[in-house]
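Report on the structure given below.
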Amino acid sequence: MSIQKIVENALKDGYLTPIMEDEVGKICESASDLSIEEYMALDHLMGALLTGEVKAVPRKQFINVMEELVLSEAMSQIAQQESKESCQLDIGDIAAYALNRLPPLYATTHEGADYQRQRAKEELKTLIAQQVKEGIQRYFERPNIPNRRPIEQQQRSDILKNMTDMLKSLAPD
């Protein structure tokens, strides 16, 4: 999709989704030169974001407390396993295995997250430990897949800052 089309959709809908933001970023990163129309569209989008005509949809307004509980348990069990045997375990594979077998515990506030943590410690501690242990056992049985491409955590800055910096660097004096 073109920058102009993304901006047109954002203006029509009144919001810029993370997917739209990513697409604009990819186009800007891959293009050696943007056309004047693309610059104008980006400038229009920037103005619409600043005035509130278009709202940037936040990437995440909630957390899954189960993820941090599983990671904590996985780190503990992996450390024990690696001290017994000379092996290197992938915490991501083991945590994903366990998380796929445990209930999610989403929270939108700090208080909600504290509640979910406490609830999980009281009701799910044994189940979490069991699923992580099974994940470690299954890790040793996994097939060897050549050229695996792990998912990387993308760290992105705020869209307004990125667009402002980009427009400043590309604008004539």
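Rule-based calculations on the coordinates, nothing more; no lab input. Being a predicted model, the structure only gives us computed values, none of them experimental. Glycine gets a Cβ as well: all are built from the backbone with ideal geometry, and neighbour counts include every protein chain shown.
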Please find, within segment 70-119, the residue that is surrounded by the most Cβ atoms within 10 Å (Cβ to Cβ) out of those that are within 18 Å of the chain's Cα centre (by Cα) and aliphatic (A, V, I, L, M).
-> VAL70
Under 6 Å between Cβ atoms, at least 6 apart or on separate chains: pull out the pairs that start in segment 59-71 with a residue that is assigned to a helix (DSSP H, G or I) and end on any residue that is surrounded by fewer than 16 Cβ atoms within 10 Å (Cβ to Cβ).
-> MET66/PRO104
